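Only one structure is covered here, and it is reproduced in the block below.
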Amino acid sequence: MRSASIQPAIITSVVSDSIAEDIGFDPGDRLVSINGEQPRDLIDYRFLCSDEYLTLEVLDSAGEVHTVEIEKDFDEDLGLEFESALFDGLIQCNNGCPFCFIDQQPPGKRDTLYLKDDDYRLSFLYGSYLTLTNLPPAEWERIARLRLSPLYVSVHATEPEVRQRLLKNPRAGLLLEQLRWFQEHRLQIHAQVVVCPGINDGSHLEHTLRDLAQFHIGDTPAVASAAVVPVGLTQFRPGEDELVPVSTAKANEVIEQVKQLQTEFKATVGSTFAWLADEWFLIARQALPPESHYETYPQIGNGVGSIRLFLKQFETAAQTLPDRVTPARHFTWVVGNAVEKAFEPIVERLNQVDGLTVTMAALNSEYWGQSITVTGLLTGYDILGKLKERHLGDGILLPSLMLKRGQHATPEDTFFLDDMALSDLVHQLQCPVWPVDDIAGLLRACVATDINGWQCA
Ligand code: SF4
């Protein structure tokens, strides 16, 4: 029997030299079923494809149904890419967190910017955080059956009344029971605590981190790590609420408090376990912890240790920098002003290369109304406003973490958080822009032999 909520999965691209290309799949084809089963998401798709014999039911763009028989190695990928990882729609959030970033955006943007996802599948596939407040028993059963681990859980507080107050949801009080469920099933989560001063800080924060550390035991600890993150507020926050921004004094207080707990956890559970996001040190104007502090960087996706890791990777990669580049070139490297100090040594080293000049443009976000901004939050509006009167040299090096690429990943289909297309920025600045994904990309762009050949990728 077919489920009406599951839609045929729309294929957006076919990997070259893949089985799918051999067979003749085209973008726009839709995958209906595999061996008679309708995949409801990428997780089902991968699971169903791990078979040597497949029978695929496919709808082509003219609406004609085809049956395709495939024989392959069990671990061989078909080479299909889909419009979305979810073929039965997004599981949406049922909370009302006052600090929700989605609600802190201005109105009038694309609908997708206002979607509040709280979907365990995206958490498993891409590491997005979820709250576990919206899962019926069948979904819990599926998590256990498919061993979907680790998941990434927004805890914020373990005391039921504090978590309920933060998430504005009575179901939020069940967290400790849910952590016991993960423990019983030998499944793992990574936790995050967004600290809202006056609500879940002080003794509540200590209570939460101690509770979470209780689950960091055994060879498969149910709570693998916890990240402590400062609340982020924007000027578009709706109405009056109880939130206050994190001050320098508050950041210093939280750092001191968590450091003491880290020492204790190291002795009791053998790991620092609860990690402070880099932002705390930037707000507190304190030096970042050394590289040795971060163990295996378990919360790197949450901005814990990402600056330290970036500096370390640069140090290694910089050994391969040439003494000189020709032709001479001058680039503008855009970053959030929160990392200005930390990244000064990088600029200094790059400028030691003869013929290379890199100027850092460390910007805050007028768009969000922030005086200190991390790179990932800069918008097209901010960059355009701050750079349009500046001499930008031969091009802009743009960290791609401020961009969201669409299906086609062209400049027209790549957007900043404020919905501005990358192509608009390039057009308005009349300057080449080079999105850089990482240190290797940054260095590649700096020493490229053909700087005139730059494309806005
Ligand atoms: S759970 Fe996430 S998406 Fe939902 S209201 Fe809270 S912050 Fe927003």
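The values are calculated or read from the model by the stated rules, or taken from the named source; none is laboratory data. Here the structure is a predicted model, which is why all the values come from computation and not from measurement. We place every Cβ from the backbone using ideal geometry, glycine too, and count neighbours over all the protein chains shown. Accessible surface is based on the protein model in full, side chains and every heavy atom, while ligands, DNA and RNA are left aside. Shrake-Rupley method; radii C 1.70, N 1.55, O 1.52, S 1.80 Å.
For the range 139-194, which positions are of a type in the set (A, V, I, L, M) and within 17 Å of Gln214 (Cα to Cα)? Listed by number, the residues that qualify are Val153, Val155, Ala157, Leu174, Leu175, Leu176, Leu179, Leu187, Ile189, Ala191, Val193. In a strand (DSSP E or B), in contact (Cβ under 8 Å) with a residue 12 or more places away in the chain and either surrounded by fewer than 18 Cβ atoms within 10 Å (Cβ to Cβ) or outside the structural domain of Gly393 (by TED's automatic domain parsing) (or both): is that true of Pro322 in this structure? Criteria not met by Pro322.
Yes or no, residue by residue, for (1) more than 16 Å from the ligand (Cβ to nearest atom); (2) assigned by TED's automatic domain parsing to the domain that holds Thr220; (3) open to solvent by less than 60 Å² (accessible area, probe 1.4 Å); (4) part of a helix (DSSP H, G or I):
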| position | (1), (2), (3), (4) |
| --- | --- |
| Leu113 | no, yes, yes, yes |
| Arg121 | no, yes, yes, yes |
| Thr133 | no, yes, yes, no |
| Leu148 | yes, yes, yes, no |
| His156 | no, yes, yes, no |
| Gln164 | no, yes, no, yes |
| Leu175 | no, yes, yes, yes |
| Trp181 | yes, yes, yes, yes |
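Within the range 76-111, the set of residues being over 24 Å from Thr12 (Cα atoms), open to solvent by less than 30 Å² (accessible area, probe 1.4 Å) and of a type in the set (A, V, I, L, M, F, W, C) comprises Cys97, Phe99, Cys100. Evaluate the range 383-392: report whether one residue or more is closer than 25 Å to Gly301 by Cα and crowded, with 18+ Cβ neighbours inside 10 Å. Yes, the range 383-392 has at least one match. The residue that is farthest from Arg285 (Cα to Cα), among those in the range 369-389 that are assigned to a loop (DSSP other than H, G, I, E, B) and among the hydrophobic types (A, V, I, L, M, F, W, C), is Leu378.
Would you call Leu398 hydrophobic (A, V, I, L, M, F, W, C), buried (at least 20 other Cβ atoms within 10 Å of the Cβ) and under 23 Å from Pro107 (Cβ atoms)? Taking the combined requirement at face value, the residue does not satisfy it. Among the residues of the range 340-353, those identified as outside any loop (DSSP other than H, G, I, E, B) and open to solvent by less than 10 Å² (accessible area, probe 1.4 Å) are Ile346, Leu350. If you go through the range 328-358 and pick out every residue that is free of Cβ contacts under 8 Å to residues at least 40 places away in the same chain and over 27 Å from the mean Cα position of the chain (by Cα), you end up with 8. Quick check, is Val304 open to solvent by less than 30 Å² (accessible area, probe 1.4 Å), in contact with a strand residue (DSSP E or B) (Cβ under 6 Å, 6 or more places away or on another chain) and in a loop (DSSP other than H, G, I, E, B)? Yes: the conditions hold for Val304.
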